[in-house]
Every structure is written in C-alpha cells, then in structure tokens.
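Report on one structure; see the data block that follows.
The values are calculated or read from the model by the stated rules, or taken from the named source; none is laboratory data. None of these values were measured; they are calculated from a predicted model. Please note: Cβ atoms are built from the backbone with ideal geometry, for glycine as well, and neighbour counts cover all protein chains shown.
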Amino acid sequence: MLLALGLSAVILSAIYSLLFVGARNWRRVRQRAEIFQTGRIVLERLESDLQNALVLSKGQLHNQFPFKGEASSLSFPAMMSMIDPQAAQAPYEQPVVGVVTYAWNQSASGQASSLERDWTLLIPDESPSYETTGKDVFPPLISSVTFSYAYRNAPGGYPAVVWSGQWHQPERIPGAVRVSLVLTHPDSGEQVTLSKTIPIFHGLLGDAAWVADVKP
Amino acid sequence: MPRSRAEAGFVLFEVLVSTAVLSAGCLVVVAALSTAMKASRTLQDRYRAALAVEDAVWTTDNSGGNFDALQVSTPDGFQNADWSAQQTAAPAGGLSQSSVTLRWTSPNSTRDNHQEEFTLSTYNATNDSASPN
C-alpha cells in the first residue's frame with residue numbers, strides 16, 4: 001500500500017509539473033500573440049487611413065487642415081466611409097471627407113499613456129444621420145509610438161532617403177510614413193518592437209533641404 | 001471473509017499501468033504545446049521579417065534601385081541576419097524584377113541552426129516599356 005501510494009505520488013507530481021509547465025508556456029504564447037495582434041491591428045488601421053490621405057483644395061480648409069506630422073502625432077484629411085443607417089437602399093456606405101488624428105497621449109505620471117485615433121467629418125451644410133466625430137483608444141499594450149517621414153536627399157547625397165520626426169511640407173502628402181511601435185505586455189513584461197514603412201502612393205518624398213534633424 | 005471482485009479495489013500493477021498511460025498522454029499534450037509555441041514564434045518572426053523586407057523594398061525602389069544593407073534595419077533578436085538583393089534585367093519592353101531577401105537563423109526552430117528566409121519581389125516597368133512608341 002505504501003509503495004503504491006509513494007509511486008502514485010511521484011508520478012502524479014511529475015504529471016502536475018508537466019501540465020504546469022505546459023500551461024505556463026501556453027499562457028506565454030497567448031500573451032505574445034496578443035501583443036502581435038494588437039500591433040497588427042494598429043498598423044493596418046494606420047495604413048488604411050494614410051493610404052486614403054488627401055490634400056484639400058487651396059483655400060480656407062486647406063490652410064486649416066494640412067498634413068501635420070510630428071514624432072508622436074499626425075493629423076491629415078482623408079477619405080473615409082460611413083455607414084448611413086437611414087439609407088433605404090444600397091449603397092449604405094457613404095464616402096465622406098474627414099480629418100484623422102493619431103496622437104500618443106503621455107500622461108504626466110507616464111502610467112496611463114495611450115494611442116488615440118480621433119476623427120471629425122468635414123460636412124459643412126448637411127445634417128447626417130451618422131456620427132460626425134469619434135474617438136478610438138487602442139489597447140494599453142502599446143508603450144510607445146514614433147512616426148517619421150520620408151525625405152529625398154539632395155542629388156548625390158547619402159543616403160538617398162532620409163527620415164525625420166517632423167513633416168515640414170504640409171502642402172503635400174509624404175511618400176511614406178514609418179511607424180515604430182513598442183508593445184509591452186503588462187503581465188509578462190515581454191516587449192516587442194514592430195516597425196513598418198507605410199507607402200502612400202499618391203504622396204511625394206519631402207525635400208531634404210527642409211530637414212533639420214536628419215537621421216541617417 | 002474474502003472480498004468480492006467489486007470490493008477489491010485496484011492492485012499495484014493496475015495503478016502503475018493507468019498512471020503510465022496518463023503520463024504518456026500528458027507528455028503528448030506538453031510536446032504539442034511546445035511545438036505550437038515554436039510555430040507561433042516562427043510565424044511572429046516571419047511577420048517581423050515581412051515588415052522589414054517591405055521596408056527594404058520600398059527604400060530600394062526610392063534609392064534609384066540601389067539596395068543598401070546599411071539603410072535597412074534588421075528586427076531585434078534575428079541571429080546571423082543576412083540581407084541580399086537581386087535585380088533581374090528585363091528584356092526590351094518588359095518588366096524588370098528586383099528582389100530583396102532576408103535570411104536569419106531561427107532560435108525557435110525544431111531543427112538546429114535552421115535558416116529562415118523571406119523574399120519579396122517587385123516588378124518595375126523599364127524605360128523602354130514606359131516610353132510611348
């Protein structure tokens with residue numbers, strides 16, 4: 001009886017250890033997958049908005065809503081689509097022009113920083129049946145975000161493309177925006193950096209003569 | 001008084017066999033978890049490699065077609081990373097192909113020193129085909 005109990009205890013302990021290790025590994029996999037999924041969602045959202053960026057015609061709106069690019073925020077007019085709940089027949093989605101802003105809001109304590117996406121539709125004289133402003137807050141796994149903008153170097157200059165943390169030419173859309181996301185899981189503390197260059201096909205590279213803080 | 005078979009409980013041999021079967025099952029589950037973890041990490045590495053190679057292709061296209069390894073950033077943790085680029089000249093009137101490849105040694109692979117590879121190709125119209133006849 002004692003021998004049987006002893007053997008059972010040893011074997012059950014081994015089984016418990018195995019399952020414990022397996023469950024811990026599985027939890028790590030899930031946490032890491034959560035980090036990557038969050039990063040992928042943010043990058044895809046940014047890519048979708050940036051590739052629909054546009055320049056408003058010259059005039060008051062153009063001056064009011066240029067492409068503003070900073071290292072921790074960017075704001076630009078873009079084509080968006082809204083679902084009209086009162087539309088009786090297709091198309092239910094209405095193409096509209098709005099202003100999209102991404103901003104990294106750093107709290108004073110540094111504890112509750114978050115990446116936010118604000119949007120406002122530019123509808124001067126209609127009263128639409130859908131929301132005209134909104135705010136999306138991305139999951140708190142993001143611990144920092146940095147935007148940089150592509151400039152063409154002077155002829156013969158090296159490197160041919162330089163990146164700056166500021167877009168100096170608001171009258172045009174940049175040819176590409178590089179987004180660097182650092183994601184940290186609060187439970188495991190694991191950190192992943194995702195960096196993506198988002199090309200904007202109708203944009204133009206900036207003139208490097210404007211760049212004061214060129215980083216090769 | 002002797003106990004009936006139903007009241008006798010399990011003998012040591014039965015307990016050992018059942019725990020051995022249970023252990024084998026647990027080992028299989030843990031091995032499957034371990035394999036899933038490695039596969040998940042490999043996929044995540046490939047996603048980061050794809051982002052880096054997309055960046056390299058864009059930089060190459062906007063640098064007059066000149067690939068420069070110093071201009072691209074290798075994702076953190078990639079061991080023995082090796083960048084290469086290839087341009088295939090097009091026949092007259094065709095498309096030229098440029099490819100960028102990133103190779104790295106995956107620490108997550110089930111095989112030792114297994115090299116992972118990610119290649120992205122773009123096609124560009126040559127001057128001949130772009131100009132009107």
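Any residue in the range A:154-169 that's in contact (Cβ under 8 Å) with a residue 24 or more places away in the chain and away from every other protein chain (no Cβ under 11 Å): show its pairings with residues that are assigned to a loop (DSSP other than H, G, I, E, B) and not charged (D, E, K, R) at Cβ separation under 7 Å, as long as the two are six or more apart or on different chains.
A:Ser164/A:Val211; A:Ser164/A:Val214; A:Gly165/A:Ala71; A:Gln166/A:Ala71; A:Trp167/A:Phe67; A:His168/A:Val211
Name every residue in the range A:1-48 that is among the small types (Gly, Ala, Ser) and within 30 Å of B:Glu54 (Cα to Cα), in order of residue number.
A:Ala33, A:Gly39, A:Ser48
Quick test of your reading of the structure: A:Trp167 fulfils all but one of (1) under 20 Å from the mean Cα position of the chain (by Cα); (2) surrounded by fewer than 22 Cβ atoms within 10 Å (Cβ to Cβ). Name the failing condition by number.
(2)
Given A:Ala88, A:Ala71, which one is without any contact (Cβ under 8 Å) to a residue 12 or more places away in the chain, part of a loop (DSSP other than H, G, I, E, B) and more than 14 Å from chain B (Cβ to nearest Cβ)?
A:Ala88
Okay, residues lined up against (1) closer than 18 Å to A:Lys135 by Cα; (2) among the small types (Gly, Ala, Ser); (3) within 13 Å of the chain's Cα centre (by Cα):
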| site | (1), (2), (3) |
| --- | --- |
| A:Asn25 | no, no, no |
| A:Val29 | no, no, no |
| A:Arg32 | no, no, no |
| A:Thr38 | yes, no, yes |
| A:Leu43 | yes, no, yes |
| A:Ser48 | yes, yes, yes |
| A:Val55 | no, no, no |
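Could you figure out which of (1) among the small types (Gly, Ala, Ser); (2) within 11 Å of chain A (Cβ to nearest Cβ); (3) not in a helix (DSSP H, G or I) isn't true of B:Gly25?
Unmet for B:Gly25, out of (1) among the small types (Gly, Ala, Ser); (2) within 11 Å of chain A (Cβ to nearest Cβ); (3) not in a helix (DSSP H, G or I): (3).
In the range B:48-93, how many are on the phi > 0 side of the Ramachandran plot, modelled with pLDDT under 85 and more than 9 Å from chain A (Cβ to nearest Cβ)?
Looking only at that region, the number is 3.
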